[in-house]
Structure formats: structure tokens, C-alpha cells
1. Report every pair of residues separated by at least 6 positions or lying on different chains whose Cβ atoms are under 6 Å apart, first residue within the range A:358-381 and among the hydroxyl-bearing types (Ser, Thr, Tyr), second modelled with pLDDT under 95.
2. Condition first: modelled with pLDDT of 95 or more and either of a type in the set (A, V, I, L, M) or in contact with a Leu (Cβ under 9 Å, 6 or more places away or on another chain) (or both). Now tell me which residues in the range A:354-367 satisfy that.
3. Looking at the range B:232-240, is at least one residue surrounded by 23 or more Cβ atoms within 10 Å (Cβ to Cβ) and assigned to a strand (DSSP E or B)?
4. How about the range B:763-780: which of its residues are touching a residue at least 40 places away in the same chain (Cβ under 8 Å), facing chain A (nearest Cβ under 7 Å) and outside any loop (DSSP other than H, G, I, E, B)?
5. What residue, of B:375, B:426, is under 30 Å from residue B:492 (Cβ atoms) and not in a strand (DSSP E or B)?
6. What residue, of B:358, B:406, B:335, is under 30 Å from residue B:253 (Cα atoms), aliphatic (A, V, I, L, M), in contact with an Asp or Glu (Cβ under 9 Å, 6 or more places away or on another chain) and in contact (Cβ under 8 Å) with a residue 40 or more places away in the chain?
7. For residues that are more than 7 Å from every other protein chain (Cβ to nearest Cβ) and touching a residue at least 24 places away in the same chain (Cβ under 8 Å), tally how many sit in the range B:781-803.
8. Among the residues of the range B:694-726, how many are modelled with pLDDT under 85 and either under 24 Å from residue B:237 (Cβ atoms) or surrounded by 24 or more Cβ atoms within 10 Å (Cβ to Cβ) (or both)?
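The values are calculated or read from the model by the stated rules, or taken from the named source; none is laboratory data. Everything numeric in this text was worked out from a predicted model, so none of it was measured. Counting neighbours? That spans all protein chains shown, and the Cβs are built from the backbone with ideal geometry, glycine included.
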Amino acid sequence: MNNIAKARLYSWAILATLMLSGCSLDNIVKVDKPQTGNDIEHEYFDTREGSLALLYSVMGTFQEAVSTTSREVSYFTDELVSRSVNSSDGSLGDYSSDSRFEVVDWRGFSGVQLSSYPLLHTTRIKSSHARYFLKRQADNSLNYAISASYSLEGYAIAMLAENVCSGVPLSQAPYGQAAVYGRGLPTDSLFVIAVAKFDSAIAIEHDSLRFKTLAKIGKARALSSLGRYQEASDVVTDIGENEMFNLTYTEAVTPVTDGSTPQPLDAFWSMPQVYRFSEIINREGNNGMMWYSNASSVDPRVPVTVNQVNGSFSFPAVVRQTKFNSGNVVFKLAGWPHAKMVEAENLLNKADPNWIVPINDARRSIGLNDTIAPSSESQKIDLLFRERAFWFYGQGTRLSDMRRLVRQYGRAVSSVYPIGIYTRSREVFSYGDATVFIPTSAEFVENYNYDGCIHKNP
Amino acid sequence: MKLPTSSRFLFLAGVVVSSPGYLDSQSVIPQVAQQFIASEEVLSDLIQQKNRLISIHAKDRSIESVLREILQKSDIRLFFSPGNPELQKKITISLDSVTPLDAVNLVLRTTKLIVGKTADGQGLMIRSASDTTRKSSAVAGSSSIVGVVTDSSGTKPISGVTVILTGRNNPEITNEQGIFRFDNVSPGDRQIMVRMLGFKSQSINILVEDAGVATPRIRLSASATSLSEVVTTATGQQRRVEIAHDIAKISPEKIMERTPVRTVADILEAAQIPGVLVQRQSGDPGSPTKIRIRGIGSISQSNDPVVILDGVWIDASTSRPSKLDDIDPASIETIEVIRGPSAATLFGQDASNGVIVITSKKGQAGPTRWNLSYNRDWGQTYGSSPLLHKALGTQTGIQEPQWCPIPNVISSLCRQDSVISIDPNNRLFSREGTETNNRYTVQVDGGAQNVTYSLTASTGNTIGVRRRSGIENIRYGILGYVPSSEFNSPSELKRSSLTTTLAINPASNVTLGLTLTGSQSSLRDNNLRHSWGLSSASFSGGLSLDTAFYDNPLRMSTIYADESPLKTTSGIISSSVQYRPGEIFVINGNFGVEKTARKEFTFSRETFCSLNAGCADTTGRASDRSEDKSVYTLRLNASTSLNLGALNRFLDIRPSVGGDYRKTDQHNVEIYKKDIPVGMRTISTGNLERSLGAIIENATAGWYLNSTIGLFKRIYFDVGVRQDVGSAIASSKDAIYPKIGGSWLVSDESFWRQNRIVNSFRLRSAIGHAAVQPDMGDIYGKYVNGVEFIDGHFINTADLTSIGNQSLQPERAVEMEIGFDLDALGNRLNLIGTYAHKLNKNTLIERSIPSSLGPDYFRRKENIARVRNRNFELSANGRIIERKNMLLILNYALTMSDNIVSRLGNGIGPFATLSSRIEEGYPIAGVWTRALLGYRDINGDGLIGQDEVVLSDSASYVGWTQPRYRASYGISFTLNNQFVFDSRFAYQSRYVQRSNRYTTLGSEDINAPLDQQALTHVFSHRPISDLRWNSASITYHIPKSVLARIGGRSMSVSLQGNNLNLWSNYIGRDPGVNSGLLAIEEQLYDDGATPPRPRLFVLDFKLGF
């Protein structure tokens, strides 16, 4: 074989090799560390420490979401309102996002956007990523963490259902896979999905009571919203008085990499306590709670301070909540009082005369006197939801309860939500007729599968 | 013309049997001669039969003896006439693995003899072609023309020459021996035209006798036609005429003779290539340039072209100092700019923005040659700045002196007392000094027949124009502050490089190449970088040293002293091998590594000064950032020419197959320290503030098939397809990129009337696809370190910050170009015109995600846009005067380009950025702003506040940041081959630049006219046209007669000027400076923060010996 023939042979060999390698070129270009400038290498997630770091991130995001939700829900549901006092000390002023359920045209989307909406969704997405790596560790000691990831995802979905108009999409972005933009789901469907997440959490065997409590209370919360009171009560019957899942009340911090001290970023406490803009007002919009009568009759579940404002104008005393008096105060996201309220609601719906017992059990645990069960069904419901409002003050449940009063107990919107007029900065405004939040504008703009709220009914 | 009879009919008498057993010459001549004429094409058969390869090495031996050696080494039968004077010539020849016929032909190359076939077809005989034809004519009985085309020396036959016989439609093409023939030719005076690209065409009159054979021997002399030039393609070297797209080829050495050049970017700018835009970032030394070829197509990805140095992929991303500019211009032989996807398809991934192929100088065999050069620059910025104004006043309530501009007066924050004005052009306030540059270059090359070498070393340093102003010096004197040496020094760039190339031919068919390039640059910025604007725009920006000086020169102040030396070391190793197992088969391979290490150390300290307490330093901050990057390249290519037998006369097929692989490893580490004690300046002290690290690793690979198909040596098709994969994008049908192009040398067609005006004319068209890959980070989600307060403790977390997009596809560019090349007026005029239409499909846009996937900052990229670029390019080069002692050359280049976002995704609205937006129907680098519709002093206070101007509701389109029209003009005049005058101008128009140079009076002085006050509420964008006098030079070449006395080979002295003047309607210093580095090409030039390009004068001295 001469050189030319050899050359031809070589060329065809090269050609054949390249053609064959066309199938396997993907292998040639695989790299060990397909990094793109991330601080964290993906291999880290495939360790016990890394997978837990993912879960902690979920918890942090959820804390931030819940605290923001709580604040907003409180602003709009009489737990905490903004009242501008035009005083000489200048410390009181408007809170610019106080929309008070007015009819707001927000970039063409009628309604008030829930700012924690993306955070609740981020909690879902991150939960799935954390769970993906936690499961890959095949370590039974991480079962509690896997359970927690389901519970936190369930809570996020339930809170979206509780606070946002019907039609929330649950877009998906599984780890390493393409994102799928979701279509809007009815509120009840969201609760059903949340229940399924909690079921998954409960089904995992582990020995952490606090995480078990988290799953059970979460499931009961979703079931109650579905009107499945007996099932809800059954879930929480074995929760002991000391069982509790605490949540640090909003602690968003700057990245640890810069070595600076973490700082509270946004918290329910910050507006009244730091910026001193907001206060509690009794009977907000006629239908609001009577949070206090006077300084001596403050309910320990909603502690307040009462201050007289000195200024050019005569104003009533300014009342500020003190339940959340720092950036990292702990609150009970899920625990025994929640269980008691679920039991009471179930008994009430069964017309069981002992429905008041769980309520008084809970009251007694913090030194409150027993309350007397009213006679009328309407008053019983009022009492139950008043108790819930005081127990869960500032924890983002009030709007859901208001919706349930309309949806599940047949109350008129006008008897539950603030109505009439209110004064701010010496100007008079009218309360709007919105009963729920809407998603943030990015959902309307960016999600081509999203068609807006199915409805905005409670 | 008619050939003289004596030359038309020569007869060779003797063909003698050289050894027993061979034919007797007297008896065979008639038969042999007849067969000889009739069987030229059969010779190839003989080659096939006698394909035993032989090697011949002879030194100063007679041709006859060499022929005898050929006879001994082969089994052919060869007849020749011993003792023939032609055969007694001495030759030196070295042949390896050639056919006996080739050997005979090569041995006879310097003679008037040719070789033909014997009558029996089994042997070869040597004789004169003219004798043969003469003899045959008597036998054949019909008229023919059989001719030979050679080069101007008459020794080298030229194949592929188009020979046209007037009156016949089908031209003939000369064969490998340079022979052509026409049979059945009517007797009489006939005319033939001979054309070959790269040679001057000839028209010859021949007398053809009845039943005779005319045997013209035609010598072609070379001409400087552009189409015959050899250029680089992905598959190797090709003649320009064979490829369907335009490639600009630059000789840096020629440019450096007339223009001050420090960098590759300087060369590209000076070359004034149509379709190539070189944008400066600033006038600082080491400032990188953005090179854009045929516009910008990507919104979020790089628009940088691919750069290949001696076959190795070079990371030329924009950074400071520029990596591209680390390549020493003196070490470069050629730069080829391959424009557009239609040309760049086979170069692989990311080539859709064009390719810049740089080839290092190779040594020439022979005695060692030395070239020394030294140049020194002096430069100063030019153009004047308007007066700057500063309002001083007292704060409401506490009567504290403070800066008190109009907005503060309106807000009742202060009461204005006075307005001071300064002239920033005044030496006292100006921060601009003289730029100086020194550069030394040594080059040496030489070698033997089989080994050549070249070495280029250069070193230089540039002192930037930034200086501390005189007013600051005075102030420091008052405060008793003694600045450190770093604080005193202007910015400076030191750059040294060494390039070595080695070419080895271990065998006649193997060439090995090795290029080693090393460079080191040291860039020092200092606090002046941060305070550049103090005496201009930021003069009105707050309580700075300057304003404090005017306010109260004795006031305590803070001095921020910063330094940030950046050292870059890079090395490139490029190795190549070319193996030619046969004349028609070539295998090329390249392997190379580019390694870069960058280290940047920054240190800053605050110094508090007061008259009473003097100056005291505080703790400092420092950062240490390092980047280590390696890019590995492997390229393989095999090309051949198909042997199609007789079809090869009009059909030429050259297929190629190849592939490449590229891998990038990058490690970044950043450490930030604070609380560095007074007196310390190292990163090893202080407390850790933060640290960051990143590893970037990716790889790409691809392979291609390509074929050039030539028809009749004047029509060429270029067809190819490439498939790419990458770490980010797996193989798929979407990553297959085809191309096809055609080139038609119209002027070689028989219908083209030969004339003196047009020498060659070619039409070409090509269409091709290429792509830019998304980054891996765009595909996979990103996580960063975080911390959360969980269960009463701070716990490290991994925070998701981007969900990525696993559906991303490469940005795909489809380009169609059509153009022409024309050489006219005796090749003294060269015109090249091209229209290119480029469509970027699947353009990546970063957009917000739905909130149901996370917060707004979880942005992700999507393939949702289409961007169209259109370019028309025209270049004209004319040798207007071409005489023995005088040469006048004019150049002209024109580019017209536009850009438009032709489509966004359905239902997707415009994307707004800082001052630009992405909107259907508008360019991607367009400038948008709210217009000032009117103003009225509503409250009658004589001041115009924000609420007293009426702006348009939304931003409206102002213009494009890229010039729509660009033209360049050049003139070069050479006198007596000694004096060379050269000058270049560049014109740009219809582009928009933002200027911060509006008067500050309207924002400061409460007595300023209302219209000036109103104007301060809007940005100042305006369409710009400018004409820049780019360069001028005068060079004197020392006569060779003088040089001979001192043993020199060449010597020249040149005085050059660069960026000599700018005529523009721009309100500011230099609209060509673009400080923006954003991917979407926003030009956010700030006159106050960025120095313009200086005007340079250069003394250049070159010596060769």
C-alpha cells in the first residue's frame, strides 16, 4: 500500500471516527465540575451537610415569606393598621403600601399583590431540591429533614391558597430539569395538594416530635379550610401540650460570606417597633377585633403598649403591639394551641356542647380565665374565631379565617371585612371591596400559562 | 501578435537509442511523433501504470546523468539523445517518492525539452515540443494548436490556465504540464486569449497552416490580482477565488510602517476593514477595545469574535488590560478577518460573530536577519470642556456651609450664597497630562532548508494622561499631607512579550511548527482613576476635596488613597503538524494551550487631615483577586483532491473532514480584608471581610465535512456542514450548521470580452449558519452561600438564586452574503463589494420568571428574540500613479449597517435597561429617553423643579449607539522608493452618544436661564456625525546604496501622528470612546469619568541587517 492509498485510508478512518463520535461527542465534552461561577459546587449538595444546607435555606425563605405574609395580612385584616398622626415629632406617618383593600388598579391587574407570593413559591421549589438531595443520601437520620421539606412545601401551598385569589399556579422547577410554568388551580385544589404534601411528611418515620407536629398541624390547617373538620381534628389529637414547632419571626440576613453581622431585613415587628408607623386599632372598619379595652385589660396573647401622642393635634393614644419586639423573636407556627382550636372547631361543627372545652384548656395554659360559651351559633363562631385571632395574632392566619367565615360559615363579606370609611393623614378614604390578594405582576406578565384569578371570592 | 516562423516551427533532429534493445531513432521518429501529439492525455495512464515511486538526489550533475539514474531506478523505457547540449546542463535536485514521469518532468524543467510517449505507448521519449508539433502536423492532416503555458521564466508550466480560441465557445484548460490543444482549427490567422488568475492576461495571434500544428509557447507574468491571494479557512489555505465569501487579510508590518500601532486592536482599526468596528473603552493605557464584526446580534451573550492564533483558540474577552492586545503586533505575519457566519461556520462554536485568524511570523531560510525598532510616543488629549459651576450656600436651620444646588434650594434645604466657576481646561484644574510611551522591539529570523526560526521580543511602557490636578497639590500642601508614591504616580502600563516560532521539515512531506508566546503586563491604576471626574462632572456631585477647598480651604477633609496594580501573565503554546502523504492529500493538526494568570491587588486607606491635627491614616482595606485560566485547543483536518481521471480537466473536487475540541478551566479566588493596621499594606493582615471562589469548567467539540467543487477553474462551490456539542448543550439536530457558497469568475468565461478595463471580475454568494452557546450558568440553577437564623442559631445555607433554563438552545445566526470582486485598469484598481444579511434566531434574552417560580431576581434566559443585521461593505484600492519613482495609492472603505429586533416572543413586551430597551422594530443597542416637551415656572420662584417640566409619558427612541455609516479614506504617496507619505481619515455618522458635558449652570445657579434649568431634568442624547483624522506619517527609507556601505539591509525613520483631530457635532470630548462594557452595547460614556483618546506623535526608527 503506497502513501496515497494509506492517506486515503487514514482520511476515511478519521471521517468514520468523527461520524461515530457524533453520537458520543457529548461524552467528550462532559466536565467534572460544570460550574458557572457559583459559590457552591453542586457536588456539595450530595453530602449530608450540603443537603441540610439546602433545607435550611428552605426554612429561611419560608420564615421570610411567612413574616411578610403576616405583616400584610395583618395590615389588611385589622390586626395592625397604619394610622398617620400628623404630629410634630414626625415619628408617625403613612405606610405607603397601606391599601386597606381599596379597589386598586395595579398595572392593569385589579387587586393588591401579595409581596410574599414569590417567596412562598420559592419555598416550594427549594423544598423539592432539598428533598432530591436528602433522599439521595439514603440516611435514615435525615428522615426528619425530608419530612420537614414536605411540610414546608405544604405550608407554602396552603398559605397561597389562604391568601391569594383562586387560580394560583404551581409552577415546577425540579432540580436539573426544565421549568414548567403552571396553570391556575382552584383554591380547594391547592388545599388538597397541600394535604397530600403533609401526608407525605407524616408517612416518613422519624423521631422528631417537633417536625411531626409541624406536619400534623399543617395538615389540619389545610383540612379545616376544606371544611373537613373531623379529619383535621383526628390528625391533631395526639399532639401534646409541650409539642411545638417554633419559627423565628422573620430573620432575613445578608450573606455570611461578607462576615458582617446578620441584620433583620423585614419583620412584622419592624414597622411598629422600629419605624413606629403602625398601631393596633380596635374595631377597625366596624368589624375588627376589640384588641384591648384599656392598658390594664391587655390580653397576654396580644401584648400592647399604649402611648399618648404629644402634638399639635389631639389624638387618641397610640397602641403598639409588643408580641414581636425584636427581629428574631420566636413564634409558634404549629403547636398545641393550634390543635386545640382545630378540635374546638370540629366539635362546634358537630354541635357538641363540649366545643368550648379545648378553647378553655388553651386559655388556662397561659393563665387566662375560662370563657363562657355563648348561646347562639353565631356568637359561638364569633368566639371561636376571636380566640383564633388572639392566639395566632401576627402569624398570618387572620385573612384565611375571614375568608372561611364567609366561605364556610356563610357570613356576609360586609360583616367580616372592614367597611365604611377611615381616616389617614386627616383625609378620608373608603374601604375597598377586595377580599383576597392577587399574585405579583410577574405572574401576570411572565407566565404564559396563567390566565389570572379564576375568581376573587373568599 | 504573430510569432516569427523560426520560433513557430522548430524541429528536433535526434532521438537516439540510449541503450541496446531500444528503438532506433531514425525508424521511429515519424511514428513516435504522431503518437506523441495524439496522446498527451494518455500520459496520465502511463503514470498510473508506472506508479512505482522513486527518489532522486543530485547535486551539480548533468541532466543526462540524472535521467540515467531515473532509468535505473524505474522500469520505464525512456528515450533521449545522449550528448544533447540541453542534457548537459548541471542541476541540483532532491526528489522523494515521485513517479518516474514526474521525476523526468522535474529534471527537464529548466530545459526546452519535454517528454512524450513513444509510438508503442510503452515508453517515453524526450524532445522539443515544437519539433514534435512540426513533425506531427505533416502527418495529422488537420490543423491544430498545441501550446505550452509557463511562468515568466519559461521554466515552470502552469496548469489550470484558461485558453480561449476566438470563435469557439468552449475554452481549454492547460494540464499539469501546462499544455493545451485545439483540434480541427480552421487555418489562417487565429487569436487565442490566455487567462489565469494571478497572471496578466494575454491575447496572441497565431498563424495556423493548413493541416498544420501551431505550437505557441506562452509565458505569463504575475499580476497583483486580489483573487489569487491565499487566505485561511477552517479547512486550510485556499485561494480567495475559490471561496464564496470575503476575507480581509492584513499585513501588520505594512500598517506599522505608517501608523502608530501598539496592539492588535490598533492594527484592526488602522486597517479600516469594512464591516469591522473597533470601539475604544477609554483613553487609559491598556484599555480594551470592543471589536464588532458586521454588527451586534446578541442581546445577552458575547458579541466578541473568535480569535485564533496559529490554530489555537484565544480568549479575547474584553478585560483590562486586553488579552488580545497581549499579542505583540511585531510578531504577526498576517491577520485575517473572517466576517459573518457564512464564512465562519466551520470554525465552530461562538464563531457567528466572525473570526480573527492571527498567524505568527515564520522565519526564512538563509542567513540570520536582524530587525530592530524603537518608537517613542508623546500624547495629549484635546478638545475643551465647558465651564463648571458650583453653588455654595448655607443649610437651612443650622447655617452650616454646604453645597447648595437648585434642587436643594427648591426643597428649602439651603440658601444659596454664591456660585463659583472653574475652567477645567486651566492647568490648575486639569487632570490631564502628557502620555508617553517607549517601545523596543528586536526580531531575528533565519535557518536552514529544513529548519527555520523566528524570535520577536518587545517591551514597552505607557504612562497615561491622568494626573493629579494642581489644585489638589496645593490643597495637600495646606493640609500637610504627603501623598505616597502610588498616590502621586499616574496610571501606567508595562507590557513585555516574547514570541518564538520554529518550523521544521523532518521529511519532504512533513512540516512541524511550534509557536511559543509569552507576555507579561503590569497595569497600575491609582486613586486618580476614582477621582477623574472631580474637576469635571462630579465637581458638582458633592462635598469633595475641590469643593471643600473653595468652601473653606482649611476645613478638615478626608483623602481616599487607592491603588490597584494588576499583573497579567499569559503564555500560549501552539504546535502544528502538516503531513502530506501525497500531492493531493494533506493532514493538518494543531494542539495548543493558552494559560493566563491575573492577579489584582487593591488597597485603600482613608486619611483624615485638619490644619490643627495634621493628617492621620486610618485602617485600610485590601482585596486580592486572582484568576487562573487555561484553554486547551485540539484541531484536526484532512483534505484531499479527488482523482477523477479525465474529468479533472474541468472538475476539481477537494473534500475535507475535520474536528476540534476546546476545554476551558478557570479558577477564581477573591479575598477581601478590612481593618488593615496603619503602616501595613498586605493582604495577610487585617480581618477577613469576605472571600469568594469559583470554578468554571466547560468544553466544546465539533466536527465538519466540507468540499470545494471547482468547475472549469472558474466556478467554485463550497459546501459544508458542522455539528457542535458542548458542556452546556448536548448534541442535537439543532446544533448542526450547514453552509453553501458559490464563486463565479465571470471574467474567465468565453463570453466575457477581454478588455483593458476589467482584468478580473467575480461574483460570489454564500449562506451559512453558526451559533453562540449559552453559558452553563444559564442552563443550570445557581446556588450561593447564605446564612439563616434557624432555631436560634445562624446556620450556613445554600441559597438558590437562579433556576436556570434546561430548554436553552444556542443562539443561531443565519447569514447570507452576496458580493463581487473586481480588478481593473491593469489590476491597479481593486473593488470589493458585499451585502450581508444576518439573522440571529433564538436570541437569548434574560427575563423575569413567573412569581410562581420565585422572586424577580431569579431571572433566566430564554430563546425568544430575533435580531437582524444588514451590512453593505465596499472597499476600493487604487494605484492612481504607478511609475518607477512615484506611487500614489488611494483607499476607500464604506460600511452601511443597521440592526433591528425583528421579533420578540409572543406577548412579550419591551425589556427596559438603564437607558436602552429591547423592543420589536428597534435596534438592540438603541438609546431611549424621555423627551423634554416643555417647562413653566408655575410657582414663579424663578426656578424650574422636577414638577415644572413636562416630559413625554414614556421613553422614546433617540437613535442607535452603533454608527450606521462609516467611511474611511487613505492616501499613500511614495517618492523614489525613499519617502512615504501616508494619511488616514475616518467618518462615522448617525449614531447616538450620551454626553454629560451639558453645562452645570442650569443645575447650580439660581440665576441660570430657565431653559438651562429645564434641560438638566433630561439626559442629553443626540445623533452624532464625526470625521476623525486618524493618522498621518512621513517615512524616510535610507537608500540601499548607503546601507550597503554600513552592512545594513534596511533602515527607516518615521514621524507618525495618530488621532490627530476630530470634527464632530458631539458636545463633549470624544464620542468614539465608550466606557460601557455591557453586553447589550450600551454606550454610557461619561466625559467626566473617562479620559478621551489622546493625540499621539510617534518617532519610529527601524533597522534591519
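1. none
2. A:354, A:355, A:356, A:357, A:358, A:359, A:360, A:362, listed by residue number.
3. yes
4. At the first step, the residues of the range B:763-780 found to be touching a residue at least 40 places away in the same chain (Cβ under 8 Å) are B:763-776, B:778-779.
Imposing the further condition that a residue be facing chain A (nearest Cβ under 7 Å) reduces the set to B:775-776.
The answer is B:776, and nothing else.
5. Values: B:375 fails: not in a strand (DSSP E or B).
The conditions single out B:426.
6. On the way: B:406 fails: under 30 Å from residue B:253 (Cα atoms); B:335 fails: in contact with an Asp or Glu (Cβ under 9 Å, 6 or more places away or on another chain).
Criteria check complete, one pass: B:358.
7. 2
8. Of the residues in the range B:694-726, the ones modelled with pLDDT under 85 are B:694-698, B:712-713, B:726.
Among the residues that remain, those that are also either under 24 Å from residue B:237 (Cβ atoms) or surrounded by 24 or more Cβ atoms within 10 Å (Cβ to Cβ) (or both) are: B:712-713, B:726.
So the count comes out to 3.
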